[in-house]
Amino acid sequence: MEDNLVTVAIHTYEKAQILKTILEANGIETYIHNVNLIQPVVSAGVRVRIKESDLPRALSIVEEMNHAEAVEEAQKERNKTHTILIPIDFSDYSIKACDFGFGLAHILKAEVVLLHAYFTPSFGTIPVGNYEAGQQDEEILKFEIDRVNKDMENLTTRIKEKIKNGSLPDVKFKNVLREGIPEEEIIRYSNKHNPLVIIMGTRGKNQKDIDLIGSVTAEITERSRIPVLAIPENTLIESFDQVWNIAYATNFDDRGLMAFEKLMQLLKPFRFRVHFIHFDQKESMWTEIKLSGIKDYFSKCYPDQEVEYHVLRGNDILTVFDNFIHRNKIDIISLTTHKRNIFTRLFNPSIARKMVFHTDTPMLVFHA
């Protein structure tokens, strides 16, 4: 009687080859099917097939492999170091972000990464054959690197002194220097290393409106897929231990609910009241229906969480927000921003981008 071939597993080409090698080492004849002959390395959905009579023994081997992989992944997760990324420019408001970030890192048992990106626009634009200009640019670059290293060394000394005198918790931290445009380097680093949160300082609402367009912090809140906590220069809040009321702006959509879950996971160690706020130009029955639905959802999903619900109306959204913040003693504003193209971001700034400079209340932004 002919022994039929049966599929014991479906993997990528690489994993299928590994399984084939292991099965054959155990005396089980093995074949792989559905391979892209042009680009086998990128093949997906590759079938690992064996004789039906070998199936019981093969399944036992596969089960052992899966268990070993699960243990290895769990061990990797346990050993994974959570980090908090703090971009700095050595200003007083970025130092304030350090104070806030070290406190949060201590609670979350995370490490701190202090990232400084410096930009030297003249370097790399030397006309061919212009030796004198090249020499001058090299000197400019060397001067900039020396300055940055000295500033980072001074900051490190300052932080170590704060840890020693107890004004900062003893948290492991490291310094990272990058040459390039700050917002690009911050995004690149966060995409690669996936920190828990990015904490950045802002100058406060007394700055000119023109600063709004060029702000690195505002740019990061728009583009980062990692949550961004913006700490205004003049905020009275120094740590999450002082946060009692969080205003969470919502449009009742699924992306907002997913972002709220991220908020709850990030701030799990803390106790606070959440104020759900929805901005509506006029009264709407549909708004009331959605509000009723979200109340029911959160009463079931977060039964122990203190929650209040507010619908805000008015022609000037920033003024309405301000009044609400002061009236309800809001300590942190949280909201979700959506992907926008460069022209929209420049000429019609999002609420998150406006709020970065409009308020002295820290703002926690999630990307939908």
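Summary table below
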read-out	value
Qualifying residue in the stretch 320-330 (condition: in a loop (DSSP other than H, G, I, E, B), among the hydrophobic types (A, V, I, L, M, F, W, C), at pLDDT 75 or above and in the same structural domain as P232 (by TED's automatic domain parsing))	yes
Residue check, F366 touching a Lys or Arg at 6+ places or on another chain (Cβ under 7 Å), outside any loop (DSSP other than H, G, I, E, B), modelled with pLDDT of 80 or more and buried (at least 16 other Cβ atoms within 10 Å of the Cβ)	yes
Count of residues meeting criterion [within 22 Å of N245 (Cα to Cα) and either at pLDDT below 80 or not β-branched (V, I, T) (or both)] in the stretch 281-309	17
Residue within the stretch 222-235 that is in contact with a strand residue (DSSP E or B) (Cβ under 7 Å, 6 or more places away or on another chain) and surrounded by fewer than 17 Cβ atoms within 10 Å (Cβ to Cβ) present	yes
Neighbours by Cβ (under 6 Å, 6+ apart or cross-chain): first from the stretch 135-163, in a helix (DSSP H, G or I); second exposed (fewer than 14 other Cβ atoms within 10 Å of the Cβ) and at pLDDT 90 or above	I163/D170
Any pair with Cβ under 6 angstrom, 6 or more apart, that starts in the stretch 274-288 at a residue that is closer than 15 Å to D316 by Cβ and of a type in the set (D, E) and ends at one that is modelled with pLDDT of 70 or more and in a helix (DSSP H, G or I)	D280/T287
Residue check, L168 within 25 Å of T235 (Cα to Cα) and in contact with a Lys or Arg (Cβ under 7 Å, 6 or more places away or on another chain)	yes
Contacts under 9 angstrom Cβ, first residue in the stretch 171-188 being within 10 Å of F119 (Cβ to Cβ) and modelled with pLDDT of 90 or more, partner assigned to a helix (DSSP H, G or I) and among the polar types (S, T, N, Q), 6 or more apart	none
Entirely in the stretch 1-115, the helices (runs of 4 or more DSSP H) that have 1 or more residues that are at pLDDT 90 or above, within 20 Å of the chain's Cα centre (by Cα) and crowded, with 16+ Cβ neighbours inside 10 Å	92-108
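The rows are residues; the columns are (1) in a helix (DSSP H, G or I); (2) modelled with pLDDT of 80 or more.
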{"site": "D211", "(1), (2)": "yes, no"}
{"site": "T217", "(1), (2)": "yes, yes"}
{"site": "I231", "(1), (2)": "no, yes"}
{"site": "E238", "(1), (2)": "no, yes"}
{"site": "A247", "(1), (2)": "no, yes"}
{"site": "L257", "(1), (2)": "yes, no"}
{"site": "M264", "(1), (2)": "yes, yes"}
{"site": "P269", "(1), (2)": "no, yes"}
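Results for (1) surrounded by 12 or more Cβ atoms within 10 Å (Cβ to Cβ); (2) under 17 Å from V365 (Cα atoms); (3) in the same structural domain as H326 (by TED's automatic domain parsing), shown as yes or no for each residue.
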site	(1), (2), (3)
A249	yes, yes, yes
M258	yes, yes, yes
H278	yes, yes, yes
E283	no, no, yes
C301	yes, no, yes
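The values are calculated or read from the model by the stated rules, or taken from the named source; none is laboratory data. The shown structure was predicted, so the numbers you read here are calculated from the model rather than taken from an experiment. Cβ coordinates were reconstructed from backbone atoms using ideal geometry, including for glycine residues, and neighbour counts include every protein chain displayed.
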